[in-house]
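The values are calculated or read from the model by the stated rules, or taken from the named source; none is laboratory data. Bear in mind the structure is a predicted one, so any value in this text is a computation, not a measurement. As a convention, Cβ positions derive from the backbone with ideal geometry for all residues, glycine included, and neighbour counts pool all protein chains shown. Note: areas computed on protein heavy atoms with side chains; ligands, DNA, RNA excluded. Shrake-Rupley method; radii C 1.70, N 1.55, O 1.52, S 1.80 Å.
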Amino acid sequence: MSAVKPLPKRRASSQERIDRILDATVTLLAQRSLGELSIYAIAAQADIPPSSVYHFFPQLADVLAALAERVFAELDGVLGAAPAGFEPASWMELIERLEDRFQQYYQSHPAARELILGAHELAGVRQADRHHDRLLGQSLRAYLARYYQLPALPEDVDIFALAMQAADKLLAADHQQHGELTAPMRREAKRMMVAYLGLYLPPVLPRASDAADTDPLM
């Protein structure tokens with residue numbers, strides 16, 4: 001009786017390999033700074049040949065740009081999550097809860113913290129981050145409008161995107177100094193957002209007539 005031939009190994013799909021590369025990058029960025037990263041280190045962590053990494057990502061910057069897109073999608077999920085049961089007492093509380101959710105994400109995702117808040121000059125990632133901030137600013141304004149009637153706001157600047165960018169600057173300085181986000185700076189980042197938006201939003205806003213029954217930011 002002839003021996004049973006083993007089944008051939010299934011060849012990993014392109015998306016599976018890309019995911020392995022990005023997952024390996026996440027693991028490495030949780031252990032070291034972005035400046036210590038290399039294609040060869042990523043390949044070793046992913047247990048694939050460096051040529052496979054180069055096939056999908058010709059440069060390290062391409063890997064990091066793809067990882068940034070994954071991070072942006074996760075941040076969108078933070079904003080879009082919709083647990084029930086919270087009714088904000090004020091727009092300030094809504095902003096503080098939102099910023100706290102973003103901070104919790106960064107606390108639990110060191111790779112995202114290093115990529116977005118770390119000290120590096122990757123122009124592609126920085127530009128993509130600014131573009132994503134604008135999208136988040138629009139989403140934040142839409143969330144506030146679910147609960148409150150917003151006054152006329154400047155058309156030449158996006159105050160919501162600017163508020164988040166200002167908070168991120170504080171968090172970035174904190175991460176670069178301490179390697180984490182400390183409680184005092186997390187508190188000040190929330191205060192900064194509320195204080196800046198308070199230049200344009202009065203302390204008490206009228207409730208929106210069609211406000212949702214649940215809070216997406218709880």
**OP:** For the chain, with all protein chains present and a 1.4 Å probe, just round the carbon and sulfur fraction of the accessible area to a whole percent.
**Re:** 54
Original post:
What FRET efficiency comes out for the pair ALA195/ALA66, r = Cβ-Cβ distance, R0 = 30 Å, nearest 0.05?
Top reply: 0.25
Original post:
For TYR148, which sequence-distant residues (separation of 5 or more, or a different chain) have an amide H within less than 5 Å of its own amide H, given hydrogens modelled in the peptide plane?
Top reply: ALA208
Original post:
Contour minus end-to-end for ALA142 and LEU205, with contour as 0.36 nm per residue of separation and end-to-end as the Cα-Cα distance?
Top reply: 21.2 nm
**OP:** Between ARG32 and GLU74, take the C-beta separation as r, use R0 = 35 Å, and let me know the FRET efficiency to the nearest 0.05.
**Re:** 0.95
**OP:** Work out how much length LYS169 to ALA89 would gain on full extension: take 0.36 nm times their residue separation and subtract the Cα-Cα distance, in nm to one decimal.
**Re:** 26.1 nm
**OP:** Pop a pseudo-label 7 angstrom from the Cα along the beta-carbon direction at both ASP47 and ARG97 and give the gap in nm to one decimal.
**Re:** 4.3
**OP:** Please give the per residue volume of the convex hull enclosing the alpha carbon atoms of the chain, rounded to a whole number of Å³.
**Re:** 173
**OP:** Beta carbons within 10 angstrom, averaged per residue: use that to sort the peptides 140-152, 98-110, highest first.
**Re:** 98-110, 140-152
Original post:
Where the only charges are on Cβ atoms (+1 Lys, Arg; -1 Asp, Glu), what is the dipole of the chain about its Cα centre, to the nearest 20 debye?
Top reply: 680
**OP:** Express in Å², to the nearest 10, the accessible area of ARG130 obtained by rolling a 1.4 Å probe over the protein heavy atoms while all chains stay in place.
**Re:** 120
Original post:
When the chain is fully extended, how far beyond the present Cα-Cα distance does GLU155 get from ARG187, taking 0.36 nm per residue of separation?
Top reply: 8.6 nm
Original post:
Expressed as a rounded percentage, what relative contact order does the chain have, with Cα pairs under 8 Å and six or more residues apart?
Top reply: 28
Original post:
What value, in deg cm²/dmol to 500, does the helix sum -39500 (n - 2.57) over DSSP H runs of n ≥ 4 give at 222 nm once divided by the residues of the chain?
Top reply: -21000 deg cm²/dmol
